[in-house]
Amino acid sequence: MKTNEKNISLKEALQLNHRAYKLFYRYYPKLILSQISLTIWKALTPYIIIYLSALVIEELAGDRSPDRIRFLVTITLLSGAGISLISAFLKKWKRTWSTGLGMKIKRILCEKLFDMDYCDLDDSKTMELYSSIIQNLNGPGWGLYNVLLNYEALCSEGFSIICGLSMTISLFTSQIPKTAEKLVILNNPVCVTAIISVMVLITWFSPVLAGKAGKYWVRSADLHTFSNRLFAYYGRLGYDSKKAADMRIYQQEKICEKHNLSKENPFGSKGLFARYGKGPVGFYMAASSAVSVIFTGIAYVFVCLKAWTGAFGIGAVTKYISSITKVYSSVSGCISTIEDMQNNAVFLKQTFEFLDIPNNMYQGSLTTEKRSDRKYEIEFRNVSFRYPGCEQYALRNINLKFKIGQKLAVVGMNGSGKTTFIKLLCRLYDPTEGKILLNGIDIRKYNYKEYMMIFSVVFQDFKLFSLTLGENVAAKINYDEEEVKSALKKSGFYNRLSTMPEGLNTYLYKDFNKKGIIISGGEAQKIAIARAIYKNAPFIILDEPTAALDPIAEAEIYGKFNEITGDKTAIYISHRLSSCKFCDKIVVFHEGSVIQTGTHQELAADKSGKYFQLWTAQAQYYR
C-alpha cells in the first residue's frame with residue numbers, strides 16, 4: 001500500500017482508529033485508563049472554576065455581601081487546590097505509563113517480527129514496509145502514535161462540549177427586557193437561530209481549513225519518509241566507526257553534504273515543505289486562525305449586547321464568554337481531530353497491513369523427542385526449493401541422509417545452494433517439493449519451536465550483541481558460568497577471557513557501557529562458536545566458522561573439531577577445502593544440485609569431478 005492513497009472513507013478511518021485503540025488497550029490497559037481519567041478530569045474542571053468565578057463577580061457587582069463573598073472565595077480556592085492536587089496525581093499516573101511510548105509501539109511491531117514466518121521476515125517487501133512504518137512514526141508520529149493523541153483530544157473535546165453547552169444554553173434563552181427597544185429583536189427565535197447557525201458554520205469552517213493544510217503532509221508522506229531515511233543514513237555516517245576509514249580515504253563526506261546541506265532537498269529552505277509553508281499550507285492555516293478570530297468577535301458582541309440590555313448580570317459575562325469560546329474551540333478541536341484521524345488512517349492501514357501478515361507455515365504439534373543418546377536421523381527426500389517470487393529453483397531434487405554422529409562437509413561455489421540447504425534443514429523455509437524427515441517423520445509435523453531447539457548454528461553473517469560476554473555465549477541472562485567457560489575454551493577464546501577486566505561480565509562493544517571491549521572479527525567468530533557449543537544441541541552447523549580466523553587459530557579449531565562436535569551430528573560449510581579432511585563425508589553442491597558425495601580421498605581421486613577442480617584451484621597456492 002502506498003501512503004499517498006487518499007480514498008479512505010470516514011467510516012473506514014474510524015474503524016481503523018478504533019482497532020488501533022483496542023490494540024493499545026490489549027497491550028497497555030493502564031496507559032489507556034490513566035489517559036482517559038486525566039482527559040475527563042481536565043475537560044470538566046475548568047467549568048467548575050468558571051462557574052465559581054462568575055458567582056464571585058456577580059456578588060461583587062450586586063449585593064456585595066461580605067459573608068457570601070468570603071464563602072464563595074473560600075470555596076473557589078479550596079476547589080482550585082483540590083483540582084490541582086487530583087490533577088497532579090492523575091498526571092503522574094499517566095506519565096508513568098506513557099513514558100517511552102515510542103518504544104512501547106516498537107514492542108508491538110517487534111513482537112510481530114519475532115512471531116512471523118521467517119520467509120516473510122526475509123522478504124525485502126516486509127522490511128521495506130516495516131522501515132516505512134518506523135520512519136513515519138519517528139517523523140510526525142503518523143500511525144499508532146497519533147492514535148492515542150487523537151483519542152485523548154476527542155475525549156477531552158467531547159466532554160468540554162457537553163459541559164460548555166450546559167452552561168451556554170441559558171445565554172440564548174435569557175430574554176432582553178422590552179425597554180431595550182430595537183435590541184429586543186435578539187429575543188426573536190429566527191434571530192437566535194441565525195446567530196447560532198453563523199457560529200456553527202464558523203466552528204465547522206475553521207478546522208476544515210486546517211484539515212486541508214494537513215492533507216498536504218499526507219500526500220507527501222512517501223517523500224517525507226524517503227527523505228527522512230536519507231537524512232538518517234547520511235546524517236549519521238560520520239558516527240559509524242566501521243565506515244570511518246573508507247569515509248576518509250574516499251572523502252565521502254562530500255556525498256553526505258549533498259544530502260544534508262542542500263537547500264533544494266525536501267527539508268531545505270527551498271525544498272517542497274518550505275514551499276508548502278509559504279504557499280497553500282500557510283494560507284490554509286492563516287485562514288483557519290482568522291476564522292476563529294471572527295467567531296470570538298461575534299461571541300463577544302452577542303454576549304456584551306445581552307448583558308448591556310439587562311438580560312443577565314455582569315458576572316454572567318465571564319461565564320458565557322468563557323463557556324461559549326470553550327465550546328467553539330472544543331467543537332473545532334473535534335472536527336480537526338476527526339480530520340487528523342482520517343489523515344492518519346492511511347498510515348494505520350499500512351501498519352495493519354504489516355501486523356496482519358499471516359503465518360502460513362504449519363507449526364506442527366508432535367513433541368520432538370528429547371533423546372539422551374542423540375539418535376536423530378535427518379533425511380532429505382527429493383527436496384526442491386525456490387524462493388517466493390522466483391521462477392528458478394535454488395535447490396533441485398536433493399536426496400541425502402545424515403548418519404547419526406556423522407561429520408558432514410558441504411562445499412561448492414558461491415550460489416550453489418549451500419546456505420539454502422541449511423535454511424531448509426533448520427526449517428526457516430519449507431521445501432517447495434519433497435520432504436525433510438526427522439527419524440522418519442516429516443519435520444512439518446513437529447512442534448516448530450521444539451524442532452529448532454535440536455540445532456546449534458553459527459551462520460556466516462552471525463551477530464553478537466552489546467551484552468556481557470557470558471550473556472552472548474549463553475544467549476540468556478541466567479546461565480551456568482562453568483559451562484560458558486568450557487564452551488569458550490573449546491572455541492579457543494579462553495586465553496582472551498583471562499585478560500578481560502570483568503571476566504564473563506565484561507560488556508562487548510561500547511554501545512551501553514564505556515568499559516566495554518572492542519573485539520576483532522576472529523574473536524567474535526570464536527564467541528559465536530562458543531555460543532553454538534553452549535546450546536549443546538544434537539546437531540551443530542558451522543557455516544564458514546573459520547573465515548575470520550588467522551591460520552594458527554584456524555588450525556586450532558580444526559584440531560579441536562572432534563572435541564567441539566563430540567557425539568553430535570555436525571554439518572560444516574566452508575570454501576576452505578582443507579577443512580573437509582576432518583569430516584566423514586563430503587557433499588558437493590553445484591547450481592542447486594548435489595553432484596558428488598564421498599570422503600576427501602575418494603573425491604580428490606576423481607580428476608573429472610568438481611571437488612578435484614576446487615581442491616586443485618586452492619592447493620596450487622600452498623605447494
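The values are calculated or read from the model by the stated rules, or taken from the named source; none is laboratory data. Computed from a prediction, not measured in an experiment: that's the story for all the values here. Cβ sites come from the backbone with ideal geometry, for glycine too, and all protein chains shown count toward neighbours.
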| request: Being assigned to a helix (DSSP H, G or I) and at pLDDT 85 or above narrows it down to one of Ser166, Ser79, so name that one. | output: Ser79
| query | Pairs under 7 Å by beta carbon, first residue of a type in the set (Asp, Glu) in the stretch 442-456, partner surrounded by fewer than 17 Cβ atoms within 10 Å (Cβ to Cβ) and assigned to a strand (DSSP E or B), six or more apart or different chains? | reply | Asp442/Lys435
| said: For the stretch 92-117: of the residues being in a helix (DSSP H, G or I) and among the hydroxyl-bearing types (Ser, Thr, Tyr), which is farthest from Asn360 (Cα to Cα)? | reply: Thr96
| query | Among the residues of the stretch 409-424, which ones are crowded, with 21+ Cβ neighbours inside 10 Å, over 29 Å from the mean Cα position of the chain (by Cα) and on the phi < 0 side of the Ramachandran plot? | reply | Ala409, Val410, Val411, Ser416, Lys418, Phe421
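Does Ile298 satisfy the criteria of being in a helix (DSSP H, G or I), assigned by TED's automatic domain parsing to the domain that holds Val56 and within 30 Å of Thr168 (Cα to Cα)? Break it down stepwise before answering.
Details: in a helix (DSSP H, G or I): yes; assigned by TED's automatic domain parsing to the domain that holds Val56: no; within 30 Å of Thr168 (Cα to Cα): yes.
No; evaluated as a whole, the condition is false for this residue.
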| said: The conditions are (1) farther than 30 Å from Ser520 by Cα; (2) touching a residue at least 24 places away in the same chain (Cβ under 8 Å), and Gly235 fails exactly one of them. Which is it? | reply: (1)
| query | Pro29 passes all but one of (1) farther than 25 Å from Ala307 by Cβ; (2) touching a Gly at 6+ places or on another chain (Cβ under 9 Å); (3) surrounded by fewer than 16 Cβ atoms within 10 Å (Cβ to Cβ); which number fails? | reply | (2)
| query | Regarding Ser323, is this residue at negative phi, crowded, with 21+ Cβ neighbours inside 10 Å, hydroxyl-bearing (Ser, Thr, Tyr) and part of a helix (DSSP H, G or I)? | reply | yes
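Within 32 Å of the chain's Cα centre (by Cα) and in contact (Cβ under 8 Å) with a residue 12 or more places away in the chain: which single residue out of Arg386, Arg381 fits that description?
Details: Arg381 fails: within 32 Å of the chain's Cα centre (by Cα).
Just a single option satisfies the conditions, and that option is Arg386.
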| query | Within the stretch 466-508, restricting attention to residues that are in contact (Cβ under 8 Å) with a residue 60 or more places away in the chain and among the small types (Gly, Ala, Ser), which residue is surrounded by the most Cβ atoms within 10 Å (Cβ to Cβ)? | reply | Ser491
| said: Yes or no: the stretch 241-253 includes at least one residue that is surrounded by 12 or more Cβ atoms within 10 Å (Cβ to Cβ) and in contact (Cβ under 8 Å) with a residue 12 or more places away in the chain. | reply: yes
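If you check Lys349 against the conditions, is it over 33 Å from the mean Cα position of the chain (by Cα), in contact (Cβ under 8 Å) with a residue 40 or more places away in the chain and not assigned by TED's automatic domain parsing to the domain that holds Lys449? I'd like the intermediate steps shown before the answer.
On the way: over 33 Å from the mean Cα position of the chain (by Cα): no; in contact (Cβ under 8 Å) with a residue 40 or more places away in the chain: yes; not assigned by TED's automatic domain parsing to the domain that holds Lys449: yes.
Against the criterion (over 33 Å from the mean Cα position of the chain (by Cα), in contact (Cβ under 8 Å) with a residue 40 or more places away in the chain and not assigned by TED's automatic domain parsing to the domain that holds Lys449), Lys349 does not qualify.
Here's the yes/no breakdown for (1) among the β-branched types (Val, Ile, Thr); (2) out of contact with any helix residue (DSSP H, G or I) (no Cβ under 6 Å at 6 or more places or on another chain); (3) buried (at least 19 other Cβ atoms within 10 Å of the Cβ):
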site	(1), (2), (3)
Phe283	no, yes, no
Ala290	no, yes, no
Phe295	no, no, yes
Leu305	no, yes, no
Phe312	no, yes, yes
Asp340	no, no, yes
Asn343	no, no, yes
Thr368	yes, no, yes
Lys375	no, yes, no
| task | Mind listing whichever residues of the stretch 569-623 are closer than 18 Å to Ile398 by Cα, surrounded by fewer than 18 Cβ atoms within 10 Å (Cβ to Cβ) and among the small types (Gly, Ala, Ser)? | result | Ser593, Gly598
| request: Scan the helices (runs of 4 or more DSSP H) fully inside the stretch 497-606 and keep the ones with 2 or more residues being in contact with an Asp or Glu (Cβ under 9 Å, 6 or more places away or on another chain). | output: 521-535
| query | Considering the stretch 425-465 alone, what residues qualify as being under 29 Å from the mean Cα position of the chain (by Cα), surrounded by 15 or more Cβ atoms within 10 Å (Cβ to Cβ) and among the basic types (Lys, Arg)? | reply | Arg427
